[in-house]
Amino acid sequence: MRYDESPGKTGRAANSPGPAPDPGAPPRAAVSRPPDPWPPVRGERPALDLDSGRYLKIWQGPQHPGSTGNMALELTLEGDVVVDCRTHVGYLHRGFEKLMERRRFIQCFPIVCRICVPEPDFNEYLFAAATEELAGIAIPERARWIRALTLELTRIASLTMGLGGQAGAFGLGTVGQWAVAHRDFVLDLFEELSGHRIYHMYIIPGGVRDDLPEGFAGRIEDVLGKIETLVGDIERVMFANAVFKARARGLGRIPPEWIEFFGVTGTTARAAGVRRDVRRDAPYLVYDELAFEPIVGTRSDVYERSLLRKEEILLAVRLVREILARMPRGPVRERLPNPLHWRIPAGETYVRAESGRGEYGYYLVADGTAYPRRVCVRGASYTHAMALLEELAVGVSVADVAGLMASLQTCPPEIER
(Lines give C-alpha, C1' and ligand atoms only; values in the text may rest on other atoms or scores of the structure.)
Protein backbone atom coordinates (compact mmCIF):
# COMPACT_ATOMS: atom_id res chain seq x y z
CA MET A 1 0.00 0.00 0.00
CA ARG A 2 1.44 3.32 -1.11
CA TYR A 3 1.26 6.43 1.06
CA ASP A 4 0.36 9.32 -1.24
CA GLU A 5 0.42 12.94 -0.24
CA SER A 6 -3.02 14.23 0.55
CA PRO A 7 -4.20 17.42 -1.18
CA GLY A 8 -4.22 20.65 0.72
CA LYS A 9 -1.73 19.68 3.42
CA THR A 10 1.94 19.94 2.60
CA GLY A 11 4.03 16.87 3.21
CA ARG A 12 1.20 14.84 4.75
CA ALA A 13 0.49 11.24 3.83
CA ALA A 14 -2.94 9.81 3.12
CA ASN A 15 -4.00 6.31 4.00
CA SER A 16 -5.41 5.48 0.61
CA PRO A 17 -4.12 2.89 -1.84
CA GLY A 18 -5.33 4.99 -4.82
CA PRO A 19 -5.45 3.70 -8.39
CA ALA A 20 -3.03 0.96 -9.42
CA PRO A 21 0.12 2.42 -11.07
CA ASP A 22 0.58 1.95 -14.81
CA PRO A 23 3.90 0.07 -15.27
CA GLY A 24 4.39 1.67 -18.71
CA ALA A 25 3.80 5.23 -17.58
CA PRO A 26 6.80 7.60 -17.15
CA PRO A 27 7.81 8.46 -13.57
CA ARG A 28 5.85 11.32 -12.02
CA ALA A 29 7.68 14.59 -11.74
CA ALA A 30 8.20 16.02 -8.30
CA VAL A 31 5.44 18.40 -7.27
CA SER A 32 6.64 22.00 -7.12
CA ARG A 33 5.45 23.90 -4.06
CA PRO A 34 5.87 27.54 -3.08
CA PRO A 35 8.35 28.28 -0.31
CA ASP A 36 6.91 27.51 3.10
CA PRO A 37 6.56 30.70 5.17
CA TRP A 38 6.66 28.67 8.38
CA PRO A 39 9.59 26.27 7.89
CA PRO A 40 9.77 25.14 11.54
CA VAL A 41 6.07 24.33 11.58
CA ARG A 42 5.04 23.17 8.17
CA GLY A 43 8.33 22.00 6.72
CA GLU A 44 8.05 19.45 3.98
CA ARG A 45 8.13 15.83 4.99
CA PRO A 46 8.84 12.93 2.70
CA ALA A 47 5.99 10.69 1.64
CA LEU A 48 5.92 7.50 3.68
CA ASP A 49 5.84 4.16 1.90
CA LEU A 50 4.17 1.63 4.18
CA ASP A 51 5.02 -1.17 1.72
CA SER A 52 8.69 -0.70 2.52
CA GLY A 53 8.21 -2.48 5.82
CA ARG A 54 9.96 0.41 7.53
CA TYR A 55 6.88 1.97 9.07
CA LEU A 56 4.00 0.78 11.21
CA LYS A 57 0.66 2.48 11.55
CA ILE A 58 -1.28 2.27 14.82
CA TRP A 59 -4.33 3.99 16.27
CA GLN A 60 -4.19 5.42 19.77
CA GLY A 61 -7.50 6.15 21.44
CA PRO A 62 -10.23 7.23 21.31
CA GLN A 63 -9.88 6.83 25.11
CA HIS A 64 -6.81 8.49 26.60
CA PRO A 65 -5.44 8.80 30.13
CA GLY A 66 -5.69 12.37 31.30
CA SER A 67 -8.14 13.54 28.64
CA THR A 68 -11.86 14.10 29.10
CA GLY A 69 -13.71 12.84 26.03
CA ASN A 70 -12.82 10.82 22.98
CA MET A 71 -10.58 11.43 20.00
CA ALA A 72 -8.22 9.15 18.08
CA LEU A 73 -4.63 9.60 16.99
CA GLU A 74 -3.48 7.98 13.76
CA LEU A 75 0.23 7.42 14.35
CA THR A 76 2.84 6.25 11.85
CA LEU A 77 5.89 4.85 13.60
CA GLU A 78 9.45 4.13 12.61
CA GLY A 79 10.60 1.85 15.37
CA ASP A 80 8.99 3.44 18.42
CA VAL A 81 9.30 7.01 17.11
CA VAL A 82 6.32 8.87 15.66
CA VAL A 83 7.02 10.09 12.12
CA ASP A 84 3.48 11.24 11.35
CA CYS A 85 0.42 12.03 13.45
CA ARG A 86 -3.12 12.83 12.50
CA THR A 87 -5.91 13.64 14.90
CA HIS A 88 -9.42 12.33 14.36
CA VAL A 89 -12.49 13.67 16.12
CA GLY A 90 -16.14 12.86 15.52
CA TYR A 91 -16.85 10.50 18.41
CA LEU A 92 -18.77 13.09 20.42
CA HIS A 93 -20.34 15.51 18.00
CA ARG A 94 -23.71 16.67 19.31
CA GLY A 95 -24.14 19.89 17.35
CA PHE A 96 -24.27 22.21 20.36
CA GLU A 97 -24.13 25.39 18.32
CA LYS A 98 -26.94 24.40 15.96
CA LEU A 99 -29.04 23.06 18.84
CA MET A 100 -28.89 26.48 20.47
CA GLU A 101 -30.18 28.16 17.33
CA ARG A 102 -33.39 26.14 17.69
CA ARG A 103 -33.96 26.97 21.34
CA ARG A 104 -34.99 30.06 23.27
CA PHE A 105 -32.16 31.86 25.04
CA ILE A 106 -33.06 30.51 28.46
CA GLN A 107 -33.32 26.97 27.06
CA CYS A 108 -29.67 27.10 25.96
CA PHE A 109 -28.36 26.91 29.51
CA PRO A 110 -28.77 23.17 30.00
CA ILE A 111 -26.76 22.81 26.77
CA VAL A 112 -23.79 25.16 27.11
CA CYS A 113 -22.43 23.65 30.32
CA ARG A 114 -22.03 20.29 28.55
CA ILE A 115 -19.60 21.63 25.96
CA CYS A 116 -16.65 21.04 28.30
CA VAL A 117 -17.12 18.69 31.23
CA PRO A 118 -14.12 19.80 33.37
CA GLU A 119 -15.01 23.50 33.09
CA PRO A 120 -18.77 23.91 32.58
CA ASP A 121 -18.98 27.24 34.39
CA PHE A 122 -16.95 29.12 31.78
CA ASN A 123 -19.59 28.18 29.21
CA GLU A 124 -22.37 29.31 31.55
CA TYR A 125 -20.64 32.60 32.25
CA LEU A 126 -19.81 33.44 28.63
CA PHE A 127 -23.27 32.64 27.29
CA ALA A 128 -24.82 34.67 30.10
CA ALA A 129 -22.41 37.58 29.55
CA ALA A 130 -23.06 37.61 25.78
CA THR A 131 -26.82 37.52 26.32
CA GLU A 132 -26.68 40.29 28.92
CA GLU A 133 -24.54 42.48 26.66
CA LEU A 134 -26.99 42.18 23.76
CA ALA A 135 -30.00 42.67 26.05
CA GLY A 136 -28.43 45.62 27.90
CA ILE A 137 -28.61 43.98 31.33
CA ALA A 138 -26.25 45.06 34.14
CA ILE A 139 -25.90 42.45 36.88
CA PRO A 140 -25.62 43.32 40.61
CA GLU A 141 -22.17 43.93 42.08
CA ARG A 142 -22.29 40.90 44.39
CA ALA A 143 -23.17 38.65 41.45
CA ARG A 144 -19.97 39.74 39.69
CA TRP A 145 -17.89 38.64 42.68
CA ILE A 146 -19.77 35.36 43.06
CA ARG A 147 -19.27 34.61 39.37
CA ALA A 148 -15.51 35.20 39.72
CA LEU A 149 -15.50 32.96 42.81
CA THR A 150 -17.27 30.21 40.85
CA LEU A 151 -14.86 30.46 37.92
CA GLU A 152 -11.78 30.26 40.17
CA LEU A 153 -13.17 27.22 42.01
CA THR A 154 -13.75 25.63 38.61
CA ARG A 155 -10.16 26.44 37.65
CA ILE A 156 -8.90 24.71 40.81
CA ALA A 157 -10.97 21.60 40.09
CA SER A 158 -9.97 21.49 36.43
CA LEU A 159 -6.24 22.07 36.92
CA THR A 160 -6.11 19.62 39.83
CA MET A 161 -7.68 16.91 37.70
CA GLY A 162 -5.40 17.90 34.82
CA LEU A 163 -2.28 17.47 36.95
CA GLY A 164 -3.54 14.04 38.00
CA GLY A 165 -4.08 13.12 34.36
CA GLN A 166 -0.60 14.35 33.51
CA ALA A 167 0.90 12.17 36.22
CA GLY A 168 -1.23 9.18 35.20
CA ALA A 169 -0.09 9.48 31.59
CA PHE A 170 3.47 8.85 32.81
CA GLY A 171 2.51 5.98 35.09
CA LEU A 172 2.21 7.90 38.37
CA GLY A 173 -1.22 6.53 39.17
CA THR A 174 -1.14 7.53 42.82
CA VAL A 175 -1.08 11.23 41.98
CA GLY A 176 -4.01 10.70 39.64
CA GLN A 177 -6.04 9.13 42.44
CA TRP A 178 -5.17 11.96 44.83
CA ALA A 179 -6.16 14.56 42.24
CA VAL A 180 -9.53 12.96 41.49
CA ALA A 181 -10.32 12.75 45.20
CA HIS A 182 -9.46 16.42 45.78
CA ARG A 183 -11.45 17.51 42.73
CA ASP A 184 -14.37 15.76 44.41
CA PHE A 185 -13.93 18.03 47.44
CA VAL A 186 -14.44 21.03 45.13
CA LEU A 187 -17.42 19.30 43.52
CA ASP A 188 -18.90 18.90 46.99
CA LEU A 189 -18.88 22.69 47.23
CA PHE A 190 -20.63 23.03 43.88
CA GLU A 191 -23.22 20.46 44.91
CA GLU A 192 -24.00 22.51 48.01
CA LEU A 193 -24.05 25.74 45.99
CA SER A 194 -26.11 24.63 43.01
CA GLY A 195 -27.49 21.17 43.71
CA HIS A 196 -25.32 19.66 40.95
CA ARG A 197 -21.80 18.25 40.99
CA ILE A 198 -20.77 18.48 37.30
CA TYR A 199 -23.20 20.67 35.35
CA HIS A 200 -24.09 23.43 37.76
CA MET A 201 -26.35 25.77 35.72
CA TYR A 202 -25.70 28.31 38.44
CA ILE A 203 -24.58 31.35 36.41
CA ILE A 204 -27.69 32.57 34.60
CA PRO A 205 -28.59 35.76 32.72
CA GLY A 206 -29.00 38.54 35.22
CA GLY A 207 -26.59 37.15 37.83
CA VAL A 208 -26.50 33.83 39.68
CA ARG A 209 -29.34 31.55 40.76
CA ASP A 210 -29.01 32.13 44.50
CA ASP A 211 -26.74 33.58 47.16
CA LEU A 212 -24.00 31.63 48.91
CA PRO A 213 -25.25 29.21 51.60
CA GLU A 214 -24.74 30.07 55.27
CA GLY A 215 -21.18 29.19 56.38
CA PHE A 216 -20.11 28.48 52.81
CA ALA A 217 -16.92 30.56 53.06
CA GLY A 218 -15.67 28.43 55.94
CA ARG A 219 -16.22 25.21 54.01
CA ILE A 220 -14.40 26.71 51.01
CA GLU A 221 -11.45 27.48 53.29
CA ASP A 222 -11.37 23.86 54.48
CA VAL A 223 -11.14 22.65 50.88
CA LEU A 224 -8.49 25.22 49.98
CA GLY A 225 -6.35 23.92 52.85
CA LYS A 226 -6.65 20.38 51.48
CA ILE A 227 -5.71 21.58 48.00
CA GLU A 228 -2.58 23.32 49.31
CA THR A 229 -1.54 20.16 51.13
CA LEU A 230 -2.13 18.16 47.95
CA VAL A 231 0.04 20.51 45.89
CA GLY A 232 2.88 20.02 48.38
CA ASP A 233 2.53 16.25 48.08
CA ILE A 234 2.48 16.47 44.28
CA GLU A 235 5.68 18.52 44.34
CA ARG A 236 7.48 15.74 46.21
CA VAL A 237 5.97 12.75 44.41
CA MET A 238 5.65 14.08 40.85
CA PHE A 239 7.90 17.07 40.22
CA ALA A 240 10.84 15.69 42.22
CA ASN A 241 10.47 12.26 40.63
CA ALA A 242 13.55 11.42 38.55
CA VAL A 243 11.56 9.40 36.01
CA PHE A 244 8.98 12.15 35.49
CA LYS A 245 11.70 14.75 35.08
CA ALA A 246 13.62 12.58 32.60
CA ARG A 247 10.53 11.99 30.47
CA ALA A 248 8.85 15.40 30.69
CA ARG A 249 11.81 17.74 30.34
CA GLY A 250 12.45 18.58 26.70
CA LEU A 251 9.30 16.77 25.59
CA GLY A 252 6.85 18.68 23.39
CA ARG A 253 8.76 21.94 23.43
CA ILE A 254 6.75 24.74 21.76
CA PRO A 255 8.92 27.51 20.26
CA PRO A 256 7.64 31.01 21.10
CA GLU A 257 7.22 31.78 17.38
CA TRP A 258 4.58 29.03 17.16
CA ILE A 259 2.31 30.70 19.71
CA GLU A 260 0.80 33.28 17.38
CA PHE A 261 0.70 31.00 14.36
CA PHE A 262 -1.25 28.24 16.12
CA GLY A 263 -3.32 30.57 18.30
CA VAL A 264 -1.93 29.00 21.47
CA THR A 265 -3.30 30.47 24.70
CA GLY A 266 -3.41 29.81 28.43
CA THR A 267 -0.66 28.10 30.40
CA THR A 268 0.53 26.45 27.19
CA ALA A 269 1.43 29.90 25.81
CA ARG A 270 2.67 31.28 29.12
CA ALA A 271 5.05 28.33 29.53
CA ALA A 272 6.74 29.58 26.33
CA GLY A 273 7.30 32.99 27.90
CA VAL A 274 4.32 34.69 26.25
CA ARG A 275 2.46 36.80 28.83
CA ARG A 276 -1.08 36.18 27.54
CA ASP A 277 -3.97 36.04 30.03
CA VAL A 278 -7.48 37.30 29.28
CA ARG A 279 -7.96 38.17 32.96
CA ARG A 280 -5.24 40.82 32.55
CA ASP A 281 -5.45 41.63 28.82
CA ALA A 282 -9.24 42.19 28.72
CA PRO A 283 -10.46 42.17 32.34
CA TYR A 284 -13.99 40.95 33.02
CA LEU A 285 -16.06 40.57 36.21
CA VAL A 286 -13.77 41.78 39.04
CA TYR A 287 -10.34 40.67 37.79
CA ASP A 288 -9.14 44.25 37.29
CA GLU A 289 -9.65 44.74 41.04
CA LEU A 290 -7.69 41.65 42.11
CA ALA A 291 -3.96 41.58 42.85
CA PHE A 292 -2.26 39.06 40.60
CA GLU A 293 0.09 38.76 37.65
CA PRO A 294 0.20 35.98 35.05
CA ILE A 295 2.73 33.25 35.80
CA VAL A 296 5.18 32.86 32.93
CA GLY A 297 7.76 30.17 32.16
CA THR A 298 10.61 29.82 29.69
CA ARG A 299 11.30 26.19 28.77
CA SER A 300 7.92 25.47 27.19
CA ASP A 301 8.09 21.70 27.54
CA VAL A 302 5.75 19.23 29.25
CA TYR A 303 7.52 19.67 32.60
CA GLU A 304 7.23 23.46 32.45
CA ARG A 305 3.55 23.39 31.47
CA SER A 306 2.80 21.03 34.35
CA LEU A 307 4.79 23.22 36.74
CA LEU A 308 2.87 26.33 35.68
CA ARG A 309 -0.47 24.57 36.24
CA LYS A 310 0.60 23.64 39.74
CA GLU A 311 1.40 27.31 40.36
CA GLU A 312 -1.90 28.34 38.74
CA ILE A 313 -3.74 26.19 41.30
CA LEU A 314 -2.04 28.07 44.13
CA LEU A 315 -2.79 31.40 42.40
CA ALA A 316 -6.47 30.44 42.13
CA VAL A 317 -6.47 29.55 45.84
CA ARG A 318 -5.16 33.04 46.67
CA LEU A 319 -7.73 34.67 44.38
CA VAL A 320 -10.60 32.75 46.00
CA ARG A 321 -9.49 33.97 49.43
CA GLU A 322 -9.24 37.56 48.19
CA ILE A 323 -12.68 37.36 46.56
CA LEU A 324 -14.25 36.01 49.76
CA ALA A 325 -12.61 38.73 51.82
CA ARG A 326 -13.74 41.58 49.56
CA MET A 327 -17.14 40.36 48.36
CA PRO A 328 -19.80 43.02 49.04
CA ARG A 329 -23.32 42.32 50.28
CA GLY A 330 -26.42 42.89 48.16
CA PRO A 331 -28.69 41.24 45.61
CA VAL A 332 -27.32 38.52 43.35
CA ARG A 333 -29.74 38.59 40.44
CA GLU A 334 -31.41 41.12 38.19
CA ARG A 335 -35.05 40.51 37.38
CA LEU A 336 -35.54 39.28 33.79
CA PRO A 337 -38.55 39.44 31.47
CA ASN A 338 -40.70 36.36 31.08
CA PRO A 339 -38.17 33.92 29.56
CA LEU A 340 -40.81 32.38 27.31
CA HIS A 341 -41.44 35.76 25.66
CA TRP A 342 -37.92 37.20 26.01
CA ARG A 343 -36.69 38.73 22.74
CA ILE A 344 -33.07 39.87 22.52
CA PRO A 345 -32.46 43.01 20.39
CA ALA A 346 -30.63 42.42 17.12
CA GLY A 347 -26.86 42.64 17.37
CA GLU A 348 -23.68 40.64 17.72
CA THR A 349 -20.95 40.31 20.32
CA TYR A 350 -17.87 38.32 21.22
CA VAL A 351 -17.06 37.77 24.88
CA ARG A 352 -14.09 35.85 26.26
CA ALA A 353 -12.62 34.55 29.48
CA GLU A 354 -9.46 32.81 30.68
CA SER A 355 -10.36 29.20 31.33
CA GLY A 356 -7.98 26.69 32.89
CA ARG A 357 -6.94 25.61 29.38
CA GLY A 358 -6.70 29.02 27.72
CA GLU A 359 -8.88 31.59 26.05
CA TYR A 360 -12.54 30.65 25.84
CA GLY A 361 -14.89 32.75 23.73
CA TYR A 362 -18.51 33.02 22.63
CA TYR A 363 -19.62 34.79 19.47
CA LEU A 364 -23.35 35.39 19.65
CA VAL A 365 -25.63 36.94 17.04
CA ALA A 366 -29.24 37.94 17.80
CA ASP A 367 -31.82 38.97 15.19
CA GLY A 368 -34.49 40.39 17.49
CA THR A 369 -36.35 37.11 17.99
CA ALA A 370 -36.54 34.79 20.99
CA TYR A 371 -33.86 32.51 19.50
CA PRO A 372 -30.10 33.01 18.92
CA ARG A 373 -29.39 33.57 15.24
CA ARG A 374 -25.82 32.22 15.46
CA VAL A 375 -23.61 30.88 18.25
CA CYS A 376 -19.93 30.06 17.77
CA VAL A 377 -17.76 28.78 20.60
CA ARG A 378 -13.99 29.23 20.65
CA GLY A 379 -12.13 26.80 22.88
CA ALA A 380 -8.42 26.23 23.41
CA SER A 381 -8.54 22.55 22.49
CA TYR A 382 -9.50 23.23 18.88
CA THR A 383 -5.95 24.33 18.09
CA HIS A 384 -3.97 22.77 20.96
CA ALA A 385 -5.26 19.24 20.54
CA MET A 386 -5.43 19.12 16.75
CA ALA A 387 -3.03 21.23 14.68
CA LEU A 388 -0.46 21.75 17.44
CA LEU A 389 -0.49 18.14 18.64
CA GLU A 390 0.04 16.86 15.09
CA GLU A 391 3.25 18.88 14.85
CA LEU A 392 4.56 18.20 18.35
CA ALA A 393 4.04 14.42 18.15
CA VAL A 394 6.52 13.98 15.28
CA GLY A 395 9.83 12.73 16.63
CA VAL A 396 8.34 11.68 19.97
CA SER A 397 8.46 8.14 21.35
CA VAL A 398 5.05 6.48 21.17
CA ALA A 399 5.31 5.92 24.94
CA ASP A 400 5.29 9.69 25.51
CA VAL A 401 2.38 10.59 23.24
CA ALA A 402 -0.20 10.27 26.03
CA GLY A 403 1.85 12.56 28.27
CA LEU A 404 2.24 15.07 25.46
CA MET A 405 -1.49 15.03 24.78
CA ALA A 406 -2.34 15.55 28.46
CA SER A 407 0.10 18.49 28.63
CA LEU A 408 -2.02 20.32 26.04
CA GLN A 409 -5.12 19.88 28.27
CA THR A 410 -7.08 18.23 25.52
CA CYS A 411 -10.88 18.39 25.85
CA PRO A 412 -12.46 16.69 22.77
CA PRO A 413 -16.07 17.73 23.58
CA GLU A 414 -14.95 21.34 23.26
CA ILE A 415 -13.63 20.62 19.74
CA GLU A 416 -16.91 19.07 18.62
CA ARG A 417 -19.42 21.79 19.28
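Structure values in brief
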| quantity | calculated |
| --- | --- |
| Residues of the range 373-409 that turn out to be closer than 21 Å to residue 95 by Cα, open to solvent by less than 10 Å² (accessible area, probe 1.4 Å) and either of a type in the set (Gly, Ala, Ser) or part of a helix (DSSP H, G or I) (or both), as a count | 5 |
| Those residues of the range 280-321 which are small (Gly, Ala, Ser), crowded, with 22+ Cβ neighbours inside 10 Å and not in a helix (DSSP H, G or I), in sequence order | 300 |
| The range 303-329, residues that are of a type in the set (Asp, Glu) and farther than 19 Å from residue 147 by Cα | 304, 311 |
| Residue among 172, 159 that alone is touching a Lys or Arg at 6+ places or on another chain (Cβ under 6 Å), closer than 16 Å to residue 307 by Cα and not aromatic (Phe, Trp, Tyr) | 159 |
| Only listed residue being surrounded by fewer than 23 Cβ atoms within 10 Å (Cβ to Cβ) and part of a helix (DSSP H, G or I), chosen from 168, 164 | 168 |
| Any hit, the range 363-372, residues being in contact with a strand residue (DSSP E or B) (Cβ under 6 Å, 6 or more places away or on another chain), surrounded by fewer than 23 Cβ atoms within 10 Å (Cβ to Cβ), among the acidic types (Asp, Glu) and farther than 20 Å from residue 264 by Cβ | yes |
| Matching residues in the range 192-224 - criterion: being in contact with an Asp or Glu (Cβ under 8 Å, 6 or more places away or on another chain) and in a strand (DSSP E or B) | 203, 204, 207 |
| Yes/no for residue 186 being more than 17 Å from residue 114 (Cα to Cα), in contact with an Asp or Glu (Cβ under 8 Å, 6 or more places away or on another chain), of a type in the set (A, V, I, L, M, F, W, C) and modelled with pLDDT of 95 or more | no |
| Per-region count, the range 305-347, residues without any contact (Cβ under 8 Å) to a residue 40 or more places away in the chain and closer than 26 Å to residue 265 by Cβ | 4 |
| Residue within the range 164-172 that is under 17 Å from residue 200 (Cα atoms) and not hydroxyl-bearing (Ser, Thr, Tyr) present | no |
| Test: residue in the range 87-94 that is of a type in the set (Lys, Arg) and over 16 Å from residue 385 (Cα atoms) | yes |
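The values are calculated or read from the model by the stated rules, or taken from the named source; none is laboratory data. Please read all numbers here as calculations on a predicted model, not as lab measurements. When we count neighbours, we look across all protein chains shown, and the Cβ atoms used for this are built from the backbone with ideal geometry, even at glycine. To get the accessible areas, we keep the full protein, side chains included, count just its heavy atoms, and leave off ligands, DNA and RNA. Shrake-Rupley method; radii C 1.70, N 1.55, O 1.52, S 1.80 Å.
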